[in-house]
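The values are calculated or read from the model by the stated rules, or taken from the named source; none is laboratory data. What you see is a predicted model, and the numbers here were worked out from it, not measured in a lab. Here Cβ is always computed from backbone atoms with ideal geometry, including for glycine, and neighbour counts include all displayed protein chains.
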Amino acid sequence: MKRFHTRNNLLEWLEEHAPYRQIRRAVEEGEVESYGFFDGSVFMPEGWALRVKSRFSQEWLVSVYLNPQSHQYCSMVIHTIVWDYWVGGKTELYQGDDPEKYERLKKEWE
């Protein structure tokens, strides 16, 4: 099973496994903001949430999660971020790119 140790590991995997070709290209050529790790909810599975923006300004919210049946990582487009489920953590991979901002957003949800 693949393991992610750094943000770059996660992005390298997403370049190959994003749900659409346009997203794969945007990961490589555009901007990616990692929101960090989230507990599962009805809106998204437990895993990482990222905002991917193409160089043409098209944006997607993408979740990278572990499929419990296959024990393989998967990705899917999600439609909203529920900050109440943001976990954060001690490493950049789990905290995301701007943990202080995400902590504030989580508190606003409570």
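Structure above, values below:
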| item | result |
| --- | --- |
| Matching residues in the range 45-71 - criterion: being among the hydroxyl-bearing types (Ser, Thr, Tyr) and touching a Gly at 6+ places or on another chain (Cβ under 7 Å) | SER54, SER63, TYR65 |
| Residue among GLU59, GLU108, GLU28, GLU46 that alone is without any contact (Cβ under 8 Å) to a residue 60 or more places away in the chain, under 18 Å from LYS2 (Cα atoms) and in contact with a helix residue (DSSP H, G or I) (Cβ under 9 Å, 6 or more places away or on another chain) | GLU46 |
| In the range 85-110, the residues that are out of contact with any Pro (no Cβ under 9 Å at 6 or more places or on another chain), assigned to a loop (DSSP other than H, G, I, E, B) and surrounded by 14 or more Cβ atoms within 10 Å (Cβ to Cβ) | VAL87, GLY96, ASP97, ASP98 |
| Which listed residue is within 11 Å of the chain's Cα centre (by Cα) and of a type in the set (Val, Ile, Thr), from VAL27, VAL42, VAL52 | VAL52 |
| Residue satisfying all of: in the range 33-63; surrounded by fewer than 19 Cβ atoms within 10 Å (Cβ to Cβ) and among the hydrophobic types (A, V, I, L, M, F, W, C); modelled with the highest pLDDT among these | LEU61 |
| Filter result (farther than 22 Å from ARG3 by Cβ and either among the polar types (S, T, N, Q) or not in a loop (DSSP other than H, G, I, E, B) (or both)) within the range 71-84 | VAL77, ILE78, THR80, TRP83, ASP84 |
| Out of VAL82, VAL77, sole residue that is modelled with pLDDT of 95 or more, touching a strand residue (DSSP E or B) at 6+ places or on another chain (Cβ under 8 Å) and of a type in the set (Val, Ile, Thr) | VAL77 |
